[in-house]
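Here's the structure we're looking at; comments come further down.
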Amino acid sequence: MRALVTVTHPRQNSLTHAVMNRFVEGLQQNGHEVDLLDLHRDGFNPVYTLEDDRDWINPDKVHGPEIRKEMDRILAADTLVFVFPLWGYSVPAMLKGYLDKVWNMGMFEKMNAKKVLWICLAGGEQAHMDKYKREETLAHYLNILISGYARVKESRVELLKGTLHQSEEHVIGLLERAYRLGCEYE
Ligand SMILES: Cc1cc2nc3c(=O)[nH]c(=O)nc-3n(C[C@H](O)[C@H](O)[C@H](O)COP(=O)(O)O)c2cc1C
């Protein structure tokens with residue numbers, strides 16, 4: 001299987017990057033091929049421009065080279081994996097910009113063959129994420145509202161909670177979980 005792994009975090013030594021690296025190690029251990037997109041490092045422009053807006057509803061719209069390149073990377077992958085921190089109970093603006101621009105109308109009829117995994121790191125602990133159905137709401141947003149709207153075949157969320165925990169043991173546990181997710185990913 002070929003996985004397009006997209007990581008979103010401005011800091012290369014972030015826990016988000018460490019989780020992504022362990023997940024990718026697991027995927028490779030499992031024999032999968034990985035294409036890595038690091039939105040900040042690779043300089044993706046998340047601002048939705050006038051050019052993006054022109055004729056956006058037309059699935060046959062001809063996109064500029066930056067967007068076309070990212071659309072082709074999706075087409076070449078069997079599965080799309082996003083690793084990102086929870087910011088304001090949503091995806092960071094960088095990732096939202098990527099989704100608005102790259103998951104465009106021209107992709108929708110081709111996304112029904114793709115699987116999507118959202119690996120989200122949250123500062124909140126379990127009890128915090130349970131309150132007001134925060135975890136459930138996030139899963140609904142990502143799986144139904146974002147993936148579902150794009151006609152994705154299968155979408156799931158793995159929420160890594162309590163990332164602000166100071167204990168080394170907790171962080172090691174999160175990294176181990178990321179590695180296992182990669183090893184067991186089908
Ligand atoms: C701008 C910003 C917004 C955040 N919003 C939330 C939030 O809504 N809920 C939450 O549980 N944690 C929130 N956090 C905490 C992040 O989820 C946490 O810093 C991240 O999971 C830790 O990973 P990192 O070390 O890779 O940044 C926020 C952090 C930042 C910087």
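Rule-based calculations on the coordinates, nothing more; no lab input. Computed from a predicted model, the values in this text were never measured in an experiment. Cβ placement follows ideal geometry from the backbone for every residue including glycine, while neighbour counts extend to all protein chains displayed.
Can you list the lysines whose alpha carbon is less than 23 Å from that of K101, not counting same-chain residues fewer than 8 positions off?
K61, K69, K110, K114, K115, K153
In the chain, with Lys and Arg counted as +1 and Asp and Glu as -1 at Cβ, which of these residues, G148, N45, P85, has the Cα nearest the positive end of the dipole, that is, farthest along it?
Of the listed residues, the answer is G148.
Using the beta-carbon distance between N13 and Y149 and R0 = 25 Å, what value does 1/(1 + (r/R0)^6) give for FRET efficiency, to the nearest 0.05?
For R0 = 25 Å, the calculated efficiency reads 0.15.
Which order do the peptides 25-37, 124-136 take when ranked by the mean count of other beta-carbon atoms within 10 Å per residue, highest first?
Put in order of decreasing packing, that is 25-37, 124-136.
Cβ neighbours within 10 Å, averaged per peptide: list 174-181, 115-122 in order, most packed at the top.
115-122, 174-181
Once the piece of chain linking Q28 and E66 is laid out straight, how much longer is it, given 0.36 nm per residue of separation minus the C-alpha distance between them?
Gain on stretching Q28 to E66: 10.9 nm.
Taking 2.2 N^0.38 Å as the expected size of a compact globular protein, what ratio does the Cα radius of gyration of region 58-181 give against it, to two decimals?
1.16
In the chain, what % of DSSP beta bridges are antiparallel (nearest 5)?
5 percent
Cα centroids of region 36-54 and region 116-173: how far apart, whole angstrom?
24 Å
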